[in-house]
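So the structure is just underneath, and the comments pick up after that.
The values are calculated or read from the model by the stated rules, or taken from the named source; none is laboratory data. Just so you know, these numbers come straight off a predicted model, no measurement behind them. Cβ sites come from the backbone with ideal geometry, for glycine too, and all protein chains shown count toward neighbours. Note: accessible area is taken over every heavy atom of the protein model, side chains too, but ligands, DNA and RNA are not part of it. Shrake-Rupley method; radii C 1.70, N 1.55, O 1.52, S 1.80 Å.
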Amino acid sequence: MEFIAKSGSPEKQRSACVVVGVYDSRKMSGRAKQIDQASGGMISGLLRRGDMDGKWGQTLLIPNVPNMPFERVLLIGCGKEREFSEQRYLDTIAKAARVLNETGSTEMTSYLAELEVKGRSNAWKVRQAVITTETALYRFDQLKSNPKQPRRPLRRVVLAVPKRSDIAGAEQAIADGKAVSAGVALTRDLGNLPGNICTPQYLADQAAQLGEHYGLSVMVLGIEDMEQLGMGALLSVARGSRQPPKLIVMQYRGADDDQAPVALVGKGITFDSGGISIKPAAQMDEMKFDMCGAASVLGTLKAAAELKLPVNVAGIIPACENMPDGNANKPGDIVKSMSGQSIEVLNTDAEGRLILSDALTYAERFKPSAVVDIATLTGACVIALGKQASGLMSNHEPLARELLAAARESYDRAWQLPLWEEYQTQLDTNFADMANVGGREAGTITAACFLSRFARKFKWAHLDIAGTAWAGGKEKGATGRPVPLLTQFLISRCREKTGQRPSA
Ligand code: BES
Ligand code: MN
Ligand code: ZN
């Protein structure tokens, strides 16, 4: 999709479709009023007649507005003006994109980014318009024989901004939005691919391709390398599978070599059956999404590379399957991690933390300025926070605050849970240095406690994306979260360093 920033009033636009908002009840936005006046009261006439009253979700497509250079106008109901929240704004953008995609206009000039959203700048509204439009039109039909395609899909979106002087900022926002969207799309594609296609080897190939395209260095470690490094925890999970495990290590270098990198560590379980502690059959298919943390690392690296962000990033992805097998982990087995600490595997379904523990230890060699791991780690997190927020836990409060700020800025929300020392005792066992599960209470936190024991040597934060990485039911599919959050985190770090938003 092509996005262009422009200023100027709607009655002057040569466009296939101009999009303006109408609030409940029958209250025209400023731009709708301008069209109304220039067309001799056409819109107010329709509103008076009751064709639309601006309720949330309503749309009215009007062809042939008299005296206007555009071909149609789309009125979008925005609901009550004082209830017009961030979420409403995003839903409005998505609605416009979907309607336009089906109505035969391949181009639109949208005034929606001019609608007032409390506390949000023009640049924010433009960036989110780009991301939300791309997200709304995303489809995953590469595995369908006859994918349904719109007859004349939307190809070009002109985003209006209030003043000429807003255009430069809007153009930067479009570039940011497009980069995030590209990362999100990659993450969704990888997440949506089934376990028989998206194997550890497939993820490694994707990483290599990304490296090729953007000039990142990519290294893939196999079983023997892992054995040499003593990655007994990662290897123990992989042992139950026919698919060989891969540790994918990527480096994006946007800053000087002496700048310590941010390390992103993504859980890459390409299918989680639970292993010997096998999961119930219902919805087990969704465990193909258990590599969404890994996919978000690839997506974020793509976005960073697209924007040429002046920052160094290391991406570390432990990838394997969790399957039941004669050679698989058994409850009670004790394995030795790369850190030297021993782990009693009381539940083979708590596999994510096992593979991440070795990946975290591996991250030490980059002497990172911060490490963020991203993982679909616990069902408990879905119970605690639902699909709205990712769970955030950290051993360094300023890092947690940085990520929370990025989450707010990107509207890819996260919520912090405590990581108090007192929870650590839930991992005690008589037989090893720690157990891999901590009982029913505070399952998301004890999973993070486990990881924290492998993150003592650096500033570390953990994002539990079990509730946010994919949707179930009719809307089943990967969301691409938390790529917007992570990309914003990197952008903000650059801003701090250079004192300005880096130019794309
Ligand atoms: N990948 C799952 C977590 C998960 C479950 C995410 C359901 C989204 C929906 C993870 O490997 C797992 O199985 N965790 C267990 C941990 C338990 C055994 C302590 C869980 O959450 O049940
Ligand atoms: Mn599991
Ligand atoms: Zn898992």
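Normalised Debye scattering of segment 1-152 at q = 0.13, 0.17 Å⁻¹ gives log10 I(q)/I(0) of -0.58, -0.97, counting only Cα atoms as equal scatterers and leaving out solvent. Charge dipole of segment 2-137 (Cα centre as origin; +1 on each Lys and Arg Cβ, -1 on each Asp and Glu Cβ, all else neutral): 320 debye, rounded to the nearest 20.
In the calculated pair-distance distribution of the chain, the portion above 37 angstrom amounts to 33 percent of the Cα-Cα pairs. The value of relative contact order for segment 2-137, using C-alpha pairs under 8 Å at least six residues apart, is 29 percent. By the rule of a C-alpha distance below 14 Å, with chain neighbours fewer than 8 residues away ignored, the aspartates and glutamates paired with Lys33 are Glu11, Glu114.
Its residue count N sets the reference 2.2 N^0.38 Å, and the alpha-carbon radius of gyration of segment 364-504 equals 1.12 times that reference. Other residues with beta-carbon under 15 Å from the beta-carbon of Gln283 carry, at +1 per Lys or Arg and -1 per Asp or Glu, a net charge of -1.
Would you mind checking the tilt of helix 483-498 against the longest principal axis of the Cα atoms of the chain, expressed as 0 to 90 degrees and rounded to 10? Roughly 90 degrees, rounded to the nearest 10.
Quick check: net charge around Leu346, other residues with Cβ under 11 Å of its Cβ, Lys/Arg +1 and Asp/Glu -1? Around Leu346, the charge tally is -2. Both radii are taken from the alpha-carbon atoms of segment 347-416; with Rh as the Kirkwood radius, Rg/Rh is 0.99. Cross-link reach is defined here as a Cα-Cα straight distance under 26 Å, omitting same-chain residues fewer than 8 places apart; for Lys27 the lysines meeting it are Lys6, Lys12, Lys55, Lys80, Lys95, Lys118, Lys125, Lys163. Given axes a ≥ b ≥ c from the Cα gyration tensor, I'd like to know whether segment 252-305 is rounded (a/c under 1.5), prolate (a/b larger than b/c) or oblate. Because a/c hits 1.5 or more and a/b exceeds b/c, segment 252-305 counts as prolate.
Structural descriptor for the chain: relative contact order 14 percent, calculated from alpha carbon pairs under 8 angstrom and at least 6 residues apart. Both numbers refer to the Cα atoms of segment 102-191; Rg and Dmax are 14.9, 48 Å. When the solvent-accessible area of the chain is split by element, carbon and sulfur atoms take up 47 percent of it, the probe being 1.4 Å. What the phi angles of segment 173-184 give under the Karplus curve with 6.51, -1.76 and 1.60, with θ = phi - 60°, is a coupling list of 5, 5, 4, 4, x, 5, 5, 4, 4, 5, x, 4 Hz, glycine and proline written as x. Per residue, the chain exposes 42 Å² of solvent-accessible protein surface, assessed with a 1.4 angstrom probe and all protein chains in place.
All other residues with a Cβ under 9 Å from the Cβ of Pro63 taken together, and with Lys, Arg as +1 and Asp, Glu as -1, what is their net charge? Result for the neighbourhood of Pro63: 0. Which of the trypsin sites (Lys or Arg not before Pro) found in segment 123-189 are loop residues per DSSP with 13 or fewer other Cβ atoms within 10 Å of their Cβ? The qualifying sites are Arg139, Lys144, Lys148, Arg151, Arg155, Lys163. Only helices enter this figure: runs of n ≥ 4 DSSP H residues, each worth -39500 (n - 2.57), summed and divided by the residues of the chain, yield -11500 deg cm²/dmol at 222 nm to the nearest 500. Partners of Lys288 within straight-line reach, counting lysines whose Cα lies under 26 Å from its Cα and excluding those fewer than 8 residues away in the same chain: Lys144, Lys148, Lys246, Lys267, Lys279, Lys302, Lys330, Lys387, Lys474, Lys476.
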